[in-house]
1. I need the per residue convex hull volume for the stretch A:231-296, using only the alpha carbons, in cubic angstrom as a whole number.
2. Determine the alpha carbon to alpha carbon distance for each of A:LYS279/B:LYS314; A:LYS279/B:LYS110; A:LYS229/A:LYS279 and list only those over 22 Å.
3. About its Cα centre, how strong a charge dipole does the protein assembly as shown have in debye, to the nearest 20, once Lys and Arg get +1 and Asp and Glu get -1 at the Cβ?
4. Starting from the amide H of A:PHE253, placed 1.01 Å from N in the peptide plane, find each other amide H under 5 Å away whose residue is 5 or more places distant or on another chain.
5. Over all distinct Cα pairs, what is the inverse of the mean 1/r for chain B, reported as the Kirkwood hydrodynamic radius in Å?
6. Could you go through the stretch A:200-210 in sequence order and give the Karplus-derived ³J(HN,Hα) for each residue, using 6.51 cos²θ - 1.76 cosθ + 1.60 with θ = phi - 60°, rounded to whole Hz, and x for Gly and Pro?
7. Can you give the alpha-carbon Rg of the protein assembly as shown over 2.2 N^0.38 Å, where N counts its residues?
8. How do A:THR207, A:THR5 rank when sorted from fewest to most other Cβ atoms within 10 Å of their own Cβ?
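Nothing in this text is a laboratory measurement; each read-out follows from the coordinates by a stated rule. This is a predicted model, so every value here is computed, not measured. A quick note on method: Cβ atoms are made from the backbone with ideal geometry, for glycine too, and the neighbour counts reach across all protein chains shown.
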Amino acid sequence: MRDFTKNDIRLFIALCSLGLVAPILFPAYINQLSFAWIFVVIALSWDMQGGHMGYNSFGNIVFFGVGMYAAASFQILPFFSLGDWTEAGGVQTFEHSVSQYFSGYALGILFAAIAAVATAFIFGNLILKMRGHYFAICTLALGVAIGEVFASIEILGAGQGLSLAVWPRGFLDDTYRRLFFYYQGFLLFVLCFLSISYIIRTRFGMTLNAIRDGEDKAESMGLNTNFYKISSWILSAFFIGLCGALVGHLVGFIDPIDVAFSGATYGIWMIIMAIIGGKGRLWGPVIGALFFHAFNEIFWTYFLGWQRVALGLIIVIIVVFFPEGILGFFQVRKKSSVSALSTQPQQQKK
Amino acid sequence: MDSIIQFFTTPSFLMQALINGMVIGALFSLAAYGLALVWGVMNIINVAQGDFVILGGYVAFYALGISTPFLEALQPNFFSRILLTPGILPLLSIPIASSILFVFGYLLYKVIIYRIVSRDLFTSLLATFGISLALQQLMNLSFGADVQFINTGLPTLFFMDDLVALPVVRLFSLILASILSVFIVIFLKKSKMGLAIRAVSQNARAAALIGVNTDRVYAFTFALNTAICGACGALVGMIFNLHPYIGTPYTVRSFMIVIFAGLGNLPAVILSALGLGVFEESADFMFGAELRLAFVFSLLVFVLVFRNWRLSKKREYLK
């Protein structure tokens, strides 16, 4: 088992303390900050199987959407009829009381995790046996297919989307609502980072790396690669599903194609964030996500209408010129002066 | 359930699905063959294939939109009378779209694609995905978000007590698609460039050793692919409609057809394309049009899972 370096721990503590005080320092940007943590979490969990295991999935957006729908519908379901709720559309005739809201909220989060994990288990068994680009294209199609299926389920609002329960009226004010979601995003980040940084240092993580570097060899060493692949996908799905639930509550309205199962936004963002920072490195997705989020906010503010063109160009530039990401770029330059032989991303021992 | 029974017991429905499916399948086979060509020769899966198709449609749409009023304003003479006969100008817009897209593909290769030819498949997947995203919004910005449709002015034929409709333009596209695929086969078999393309697809290193300029072959292959997409797109614009964001289903369909048929097998590509077309149209009748995309995409997942399951019996896998 590889150890944490001192630098890792210092950086993590610095990031955590920054995260704790950030909403007090920048009260106007609480929503953007909560999205920043969510982005870090989805990038980290994509990297779990995209970077460490080498299974480049375009379809992790499925868990995101499934989690979002589960969180929304299970918050409504115990108290109101879902059919009536969607019938009412944008007209808010139903209101949760304080206790209803929060008990439903907890239930929704629970079912978001369960639904995402179940989806990952079912589809993992079916498609994780494929390799390389067949897997990638298959997951791409899966994401769109499930989005279209959700867009035709009448009880979940079909193509018109589903509005989530609103924050109970008269209960604390809007700042507390934002803080409530912010600290959940932050907590999710801490949980996700700690578990992933622990896992990639254990035997489990090494098996994932072995699968990336040569699956046939790993299998011939007696490793049950299928078990490892599915469990890693499930872990990734767990965190992405929770993120989906949180994003649903932050946005307040679920559109099946443009929010929940939008391969062209969250679906590709999680991949590109991991690649910008550096695939298969612990800090890569974190740095990539923060960097990308800042870039994204600037572009959505100042170049509205061109953001997808910019995103497409960024993807091409990153993939063509910096395939190893920011961290890899610096590490390669640093290493080339020491030794050009070691190609594996590793911690530098002092 | 009722609609399924009704579909299978009504001959006119069956006939309509068969005809429409064949026509659509012929279109899909064009895009699929381009995809297979690029995949086989350059080892790139072009995710932007569908967006090239839509771009070709827009080029044809605007070529028509500019030239028709211009010709009508001219003094009527022999040429303008021929050109303004219904069906002639749309027919001419196909080679125009095709050649403009050829130039576009060549430039795209020279700017981006040549950097990713030798890289792994994930890189090319992501890079072409990026191109696809950028292209979609660029089309949206320059052509507008409205649904467009190329009006050919051609009549519609009716059969079986007027229950089965066959617009002449669909017949056209079937014929054109077959002519184009025959042309592509002859080109690859007989011409010098076709020979070079086949040589590079078999072994790029060996081809370079005996003096084939692989870079030129790659550029030509990619441009040929976009030209095929252009022709396909012009037909798509005449038969269906154009919208900046509907490219991805065409990519998925072509990919599915290629997987089903295997690389470098033209008859199989055409057959599976026709099969997919008929299948999709029938599903349209039975399950309703709003589930059409869901059906196409889940069919791809199903085909892949099924093929992988069959291979796993031989202790192999898709890779």
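1. 94
2. Details: A:LYS279/B:LYS314 33 Å; A:LYS279/B:LYS110 28 Å; A:LYS229/A:LYS279 17 Å.
Cα-Cα > 22 Å for A:LYS279/B:LYS314; A:LYS279/B:LYS110; rest within.
3. 3160
4. So A:PHE253 has HN proximity to A:LEU164.
5. On the way: mean 1/r = 0.0482 Å⁻¹.
Evaluated over chain B, this radius sits at 20.7 Å.
6. Each residue of the stretch A:200-210 in turn: 6, 9, 9, 4, 4, x, 5, 4, 4, 4, 5 Hz.
7. After normalising by residue count via 2.2 N^0.38 Å, the value is 1.02.
8. With the fewest neighbours first, A:THR207, A:THR5 line up as A:THR5, A:THR207.
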